(Lines give C-alpha, C1' and ligand atoms only; values in the text may rest on other atoms or scores of the structure.)
Protein backbone atom coordinates (compact mmCIF):
# COMPACT_ATOMS: atom_id res chain seq x y z
CA UNK A 1 0.00 0.00 0.00
CA UNK A 2 2.76 2.41 0.94
CA UNK A 3 4.66 1.49 -2.22
CA UNK A 4 1.62 2.35 -4.36
CA UNK A 5 1.20 5.70 -2.68
CA UNK A 6 4.90 6.44 -3.10
CA UNK A 7 4.83 5.47 -6.77
CA UNK A 8 1.75 7.63 -7.30
CA UNK A 9 3.56 10.57 -5.79
CA UNK A 10 6.65 10.01 -7.90
CA UNK A 11 4.82 9.83 -11.22
CA UNK A 12 1.93 12.22 -10.71
CA UNK A 13 2.53 14.63 -7.85
CA UNK A 14 5.64 16.18 -9.41
CA UNK A 15 6.39 19.86 -10.07
CA UNK A 16 5.62 19.28 -13.75
CA UNK A 17 2.16 17.88 -13.11
CA UNK A 18 1.50 20.40 -10.36
CA UNK A 19 2.29 23.24 -12.72
CA UNK A 20 0.10 21.70 -15.40
CA UNK A 21 -2.70 21.41 -12.85
CA UNK A 22 -2.45 25.14 -12.12
CA UNK A 23 -2.49 25.84 -15.87
CA UNK A 24 -5.64 23.73 -16.16
CA UNK A 25 -7.33 25.58 -13.28
CA UNK A 26 -6.50 28.92 -14.87
CA UNK A 27 -7.91 27.67 -18.18
CA UNK A 28 -11.16 26.61 -16.52
CA UNK A 29 -11.42 29.99 -14.78
CA UNK A 30 -10.87 31.86 -18.05
CA UNK A 31 -13.41 29.74 -19.95
CA UNK A 32 -15.93 30.07 -17.10
CA UNK A 33 -15.49 33.83 -17.04
CA UNK A 34 -16.02 34.00 -20.78
CA UNK A 35 -19.08 31.72 -20.69
CA UNK A 36 -20.74 33.59 -17.83
CA UNK A 37 -19.95 37.24 -18.50
CA UNK A 38 -18.84 37.65 -22.13
CA UNK A 39 -21.82 35.67 -23.42
CA UNK A 40 -24.18 37.21 -20.85
CA UNK A 41 -23.12 40.84 -20.39
CA UNK A 42 -26.35 41.55 -18.51
CA UNK A 43 -24.82 39.61 -15.59
CA UNK A 44 -22.07 42.19 -15.17
CA UNK A 45 -23.00 44.39 -12.18
CA UNK A 46 -24.22 47.80 -13.20
CA UNK A 47 -21.35 49.86 -11.84
CA UNK A 48 -18.37 51.64 -13.32
CA UNK A 49 -15.89 49.58 -11.29
CA UNK A 50 -17.44 46.27 -12.43
CA UNK A 51 -17.45 47.33 -16.08
CA UNK A 52 -13.86 48.55 -15.80
CA UNK A 53 -12.78 45.27 -14.18
CA UNK A 54 -14.48 43.24 -16.89
CA UNK A 55 -12.86 45.29 -19.65
CA UNK A 56 -9.45 44.84 -18.05
CA UNK A 57 -9.91 41.10 -17.48
CA UNK A 58 -11.11 40.58 -21.05
CA UNK A 59 -7.85 42.10 -22.27
CA UNK A 60 -5.56 40.38 -19.78
CA UNK A 61 -6.94 36.83 -19.49
CA UNK A 62 -5.89 35.81 -23.01
CA UNK A 63 -2.45 37.33 -22.45
CA UNK A 64 -2.18 35.71 -19.02
CA UNK A 65 -3.10 32.31 -20.47
CA UNK A 66 -0.08 32.47 -22.78
CA UNK A 67 2.14 33.76 -19.97
CA UNK A 68 1.08 31.00 -17.56
CA UNK A 69 1.55 28.38 -20.27
CA UNK A 70 5.01 29.79 -21.02
CA UNK A 71 6.05 29.70 -17.36
CA UNK A 72 4.79 26.13 -16.91
CA UNK A 73 6.52 24.77 -20.02
CA UNK A 74 9.62 26.90 -19.46
CA UNK A 75 10.12 25.57 -15.93
CA UNK A 76 9.82 21.98 -17.14
CA UNK A 77 12.30 22.62 -19.95
CA UNK A 78 14.80 24.23 -17.58
CA UNK A 79 14.42 21.50 -14.94
CA UNK A 80 14.76 18.65 -17.44
CA UNK A 81 17.04 20.01 -20.15
CA UNK A 82 18.83 23.06 -18.77
CA UNK A 83 19.25 25.55 -21.62
CA UNK A 84 19.51 23.05 -24.48
CA UNK A 85 16.04 24.04 -25.71
CA UNK A 86 16.85 27.75 -26.07
CA UNK A 87 18.21 27.62 -29.67
CA UNK A 88 15.04 25.82 -30.80
CA UNK A 89 12.87 28.37 -29.01
CA UNK A 90 14.71 31.29 -30.60
CA UNK A 91 14.51 29.74 -34.07
CA UNK A 92 10.79 28.97 -33.77
CA UNK A 93 10.16 32.45 -32.35
CA UNK A 94 12.01 34.14 -35.21
CA UNK A 95 10.46 32.13 -38.04
CA UNK A 96 6.92 32.38 -36.66
CA UNK A 97 7.37 36.12 -36.09
CA UNK A 98 8.52 36.58 -39.69
CA UNK A 99 5.58 34.53 -40.91
CA UNK A 100 3.13 36.64 -38.89
CA UNK A 101 4.87 39.88 -39.86
CA UNK A 102 4.54 39.03 -43.55
CA UNK A 103 0.94 37.95 -43.00
CA UNK A 104 -0.12 41.14 -41.26
CA UNK A 105 1.71 43.29 -43.79
CA UNK A 106 1.27 41.53 -47.12
CA UNK A 107 -1.38 38.85 -46.62
CA UNK A 108 1.08 35.96 -47.09
CA UNK A 109 0.93 33.14 -46.05
CA UNK A 110 -2.27 33.38 -43.97
CA UNK A 111 -4.37 35.93 -45.84
CA UNK A 112 -5.00 39.57 -44.98
CA UNK A 113 -5.54 40.25 -41.27
CA UNK A 114 -4.36 42.46 -38.44
CA UNK A 115 -4.04 42.17 -34.68
CA UNK A 116 -5.92 44.52 -32.41
CA UNK A 117 -4.34 45.83 -29.21
CA UNK A 118 -5.87 43.15 -26.98
CA UNK A 119 -2.78 40.89 -26.97
CA UNK A 120 -0.35 43.51 -25.76
CA UNK A 121 2.91 44.92 -27.08
CA UNK A 122 3.49 44.45 -30.82
CA UNK A 123 6.85 43.73 -32.39
CA UNK A 124 7.37 45.89 -35.45
CA UNK A 125 4.05 47.53 -34.69
CA UNK A 126 2.16 44.53 -36.11
CA UNK A 127 2.77 41.23 -34.27
CA UNK A 128 2.06 40.86 -30.53
CA UNK A 129 5.16 39.57 -28.74
CA UNK A 130 3.16 36.72 -27.21
CA UNK A 131 2.14 35.29 -30.60
CA UNK A 132 5.56 33.85 -31.63
CA UNK A 133 5.89 32.55 -28.06
CA UNK A 134 2.59 30.67 -28.42
CA UNK A 135 3.80 29.08 -31.67
CA UNK A 136 6.64 27.43 -29.76
CA UNK A 137 4.34 26.38 -26.91
CA UNK A 138 2.31 24.24 -29.34
CA UNK A 139 5.01 23.37 -31.89
CA UNK A 140 7.08 21.44 -29.35
CA UNK A 141 4.32 19.08 -28.09
CA UNK A 142 3.06 18.67 -31.66
CA UNK A 143 6.52 17.54 -32.75
CA UNK A 144 6.93 15.27 -29.72
CA UNK A 145 3.64 13.46 -30.35
CA UNK A 146 4.44 13.12 -34.06
CA UNK A 147 7.84 11.65 -33.17
CA UNK A 148 6.13 8.78 -31.34
CA UNK A 149 3.95 7.96 -34.34
CA UNK A 150 6.86 8.22 -36.83
CA UNK A 151 10.08 7.40 -34.94
CA UNK A 152 13.53 6.95 -36.43
CA UNK A 153 15.32 8.43 -39.42
CA UNK A 154 12.89 6.82 -41.84
CA UNK A 155 9.97 8.64 -40.25
CA UNK A 156 11.32 12.16 -40.82
CA UNK A 157 8.72 13.41 -43.29
CA UNK A 158 5.92 11.54 -41.56
CA UNK A 159 6.54 13.30 -38.25
CA UNK A 160 7.20 16.67 -39.92
CA UNK A 161 3.85 16.51 -41.70
CA UNK A 162 2.01 15.12 -38.68
CA UNK A 163 3.54 17.72 -36.35
CA UNK A 164 2.52 20.50 -38.74
CA UNK A 165 -0.95 18.95 -38.97
CA UNK A 166 -1.35 18.89 -35.16
CA UNK A 167 -0.26 22.52 -35.02
CA UNK A 168 -2.81 23.43 -37.70
CA UNK A 169 -5.62 21.55 -35.94
CA UNK A 170 -5.20 23.93 -33.02
CA UNK A 171 -6.22 26.80 -35.30
CA UNK A 172 -9.55 25.10 -36.08
CA UNK A 173 -10.73 26.21 -32.65
CA UNK A 174 -8.30 29.06 -32.03
CA UNK A 175 -9.44 31.17 -34.96
CA UNK A 176 -13.21 30.95 -34.27
CA UNK A 177 -12.54 31.73 -30.60
CA UNK A 178 -10.13 34.62 -31.10
CA UNK A 179 -11.40 36.32 -34.25
CA UNK A 180 -15.08 35.34 -34.59
CA UNK A 181 -16.19 35.35 -30.95
CA UNK A 182 -13.67 37.95 -29.77
CA UNK A 183 -11.71 40.63 -31.67
CA UNK A 184 -8.12 39.65 -30.85
CA UNK A 185 -7.41 39.76 -34.59
CA UNK A 186 -9.53 40.86 -37.52
CA UNK A 187 -9.70 39.41 -41.03
CA UNK A 188 -9.65 41.93 -43.85
CA UNK A 189 -10.85 39.36 -46.38
CA UNK A 190 -13.27 37.01 -44.66
CA UNK A 191 -13.83 33.34 -45.46
CA UNK A 192 -16.39 30.56 -44.94
CA UNK A 193 -15.13 29.08 -41.63
CA UNK A 194 -16.41 31.59 -39.05
CA UNK A 195 -14.89 34.40 -41.10
CA UNK A 196 -11.56 32.65 -41.64
CA UNK A 197 -10.35 32.16 -45.23
CA UNK A 198 -9.19 28.65 -46.16
CA UNK A 199 -5.78 29.98 -47.20
CA UNK A 200 -5.08 30.53 -43.51
CA UNK A 201 -4.95 26.77 -42.92
CA UNK A 202 -2.49 26.40 -45.79
CA UNK A 203 -0.37 29.12 -44.19
CA UNK A 204 -0.47 27.32 -40.84
CA UNK A 205 0.48 24.01 -42.43
CA UNK A 206 3.34 25.55 -44.38
CA UNK A 207 4.66 27.43 -41.36
CA UNK A 208 4.25 24.29 -39.26
CA UNK A 209 6.36 22.26 -41.71
CA UNK A 210 9.16 24.82 -41.47
CA UNK A 211 8.97 24.79 -37.65
CA UNK A 212 9.04 20.98 -37.49
CA UNK A 213 12.08 20.91 -39.78
CA UNK A 214 13.76 23.46 -37.51
CA UNK A 215 13.15 21.27 -34.47
CA UNK A 216 14.62 18.33 -36.38
CA UNK A 217 17.63 20.27 -37.62
CA UNK A 218 18.37 21.75 -34.18
CA UNK A 219 18.34 18.30 -32.56
CA UNK A 220 15.18 18.44 -30.47
CA UNK A 221 15.42 14.65 -30.10
CA UNK A 222 18.57 15.06 -27.99
CA UNK A 223 16.69 16.86 -25.20
CA UNK A 224 12.93 16.46 -25.70
CA UNK A 225 13.13 12.84 -24.56
CA UNK A 226 13.91 14.08 -21.06
CA UNK A 227 10.35 15.39 -20.81
CA UNK A 228 7.48 12.97 -20.24
CA UNK A 229 5.53 12.40 -23.45
CA UNK A 230 2.22 12.06 -21.52
CA UNK A 231 3.01 15.42 -19.94
CA UNK A 232 3.68 17.09 -23.29
CA UNK A 233 0.51 15.59 -24.78
CA UNK A 234 -1.45 16.79 -21.75
CA UNK A 235 0.08 20.25 -22.09
CA UNK A 236 -1.10 20.36 -25.71
CA UNK A 237 -4.58 19.30 -24.55
CA UNK A 238 -4.80 21.99 -21.84
CA UNK A 239 -3.68 24.68 -24.29
CA UNK A 240 -6.24 23.37 -26.79
CA UNK A 241 -8.93 23.45 -24.11
CA UNK A 242 -8.96 27.25 -23.84
CA UNK A 243 -10.33 27.99 -27.35
CA UNK A 244 -12.31 24.74 -27.36
CA UNK A 245 -14.09 25.77 -24.16
CA UNK A 246 -14.94 29.15 -25.66
CA UNK A 247 -16.47 27.72 -28.84
CA UNK A 248 -18.31 25.10 -26.76
CA UNK A 249 -19.76 27.80 -24.51
CA UNK A 250 -20.84 29.81 -27.56
CA UNK A 251 -22.35 26.78 -29.30
CA UNK A 252 -20.12 26.86 -32.39
CA UNK A 253 -20.74 23.17 -32.98
CA UNK A 254 -19.15 22.97 -36.41
CA UNK A 255 -15.84 24.19 -34.99
CA UNK A 256 -16.13 21.78 -32.05
CA UNK A 257 -16.89 18.72 -34.18
CA UNK A 258 -14.36 19.50 -36.92
CA UNK A 259 -11.53 20.10 -34.45
CA UNK A 260 -12.25 17.01 -32.34
CA UNK A 261 -12.53 14.76 -35.39
CA UNK A 262 -9.29 16.25 -36.72
CA UNK A 263 -7.61 15.44 -33.37
CA UNK A 264 -8.94 11.87 -33.46
CA UNK A 265 -7.30 11.08 -36.80
CA UNK A 266 -3.67 11.07 -35.51
CA UNK A 267 -4.70 8.79 -32.65
CA UNK A 268 -6.25 6.35 -35.13
CA UNK A 269 -3.08 6.55 -37.22
CA UNK A 270 -0.95 5.76 -34.17
CA UNK A 271 -3.10 2.79 -33.19
CA UNK A 272 -3.08 1.45 -36.74
CA UNK A 273 0.69 1.76 -37.11
CA UNK A 274 1.29 0.21 -33.70
CA UNK A 275 -0.97 -2.74 -34.50
CA UNK A 276 0.80 -3.23 -37.83
CA UNK A 277 4.22 -3.22 -36.12
CA UNK A 278 3.05 -5.72 -33.50
CA UNK A 279 1.62 -8.03 -36.17
CA UNK A 280 4.86 -7.83 -38.17
CA UNK A 281 6.93 -8.48 -35.06
CA UNK A 282 4.71 -11.42 -34.12
CA UNK A 283 4.96 -12.92 -37.61
CA UNK A 284 8.76 -12.64 -37.56
CA UNK A 285 8.94 -14.23 -34.12
CA UNK A 286 6.73 -17.10 -35.24
CA UNK A 287 9.02 -17.84 -38.18
CA UNK A 288 12.23 -17.92 -36.10
CA UNK A 289 13.42 -21.40 -35.07
CA UNK A 290 12.81 -22.17 -31.40
CA UNK A 291 15.43 -24.90 -30.98
CA UNK A 292 16.70 -28.25 -32.25
Checked the stretch 198-229 for anything surrounded by 15 or more Cβ atoms within 10 Å (Cβ to Cβ) and in a loop (DSSP other than H, G, I, E, B); matches are 218, 220, 227, 228
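Residues of the stretch 59-91 being over 16 Å from residue 130 (Cα atoms) and part of a helix (DSSP H, G or I), which ones?
First, pick out the residues of the stretch 59-91 that are over 16 Å from residue 130 (Cα atoms): 75-88.
Hits for the stretch 59-91 are 75, 76, 77, 78, 79, 80, 81, 86, 87, 88.
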For residue 195, the lone unmet condition from (1) more than 28 Å from residue 83 (Cα to Cα); (2) more than 14 Å from the chain's Cα centre (by Cα); (3) buried (at least 20 other Cβ atoms within 10 Å of the Cβ) is (3)
The residue that is modelled with the lowest pLDDT, considering only those in the stretch 41-79 that are surrounded by 15 or more Cβ atoms within 10 Å (Cβ to Cβ) and over 20 Å from the mean Cα position of the chain (by Cα), is 54
Of the listed residues (143, 170, 187), the one being in contact (Cβ under 8 Å) with a residue 24 or more places away in the chain, more than 30 Å from residue 268 (Cβ to Cβ) and buried (at least 16 other Cβ atoms within 10 Å of the Cβ) is 187
The one condition residue 98 fails out of (1) at pLDDT 95 or above; (2) buried (at least 17 other Cβ atoms within 10 Å of the Cβ); (3) out of contact with any strand residue (DSSP E or B) (no Cβ under 7 Å at 6 or more places or on another chain) is (2)
Checked pairs for the stretch 25-40, first modelled with pLDDT under 95, second surrounded by fewer than 19 Cβ atoms within 10 Å (Cβ to Cβ) and not in a helix (DSSP H, G or I), C-beta under 7 Å and 6 or more apart or across chains, list as 37/44
Note on the stretch 118-140: residues on the phi < 0 side of the Ramachandran plot and either without any contact (Cβ under 8 Å) to a residue 12 or more places away in the chain or assigned to a loop (DSSP other than H, G, I, E, B) (or both) are 121, 122, 126, 129
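The values are calculated or read from the model by the stated rules, or taken from the named source; none is laboratory data. Values in this document were obtained by computation on a predicted structure and should not be read as measured data. As a convention, Cβ positions derive from the backbone with ideal geometry for all residues, glycine included, and neighbour counts pool all protein chains shown.
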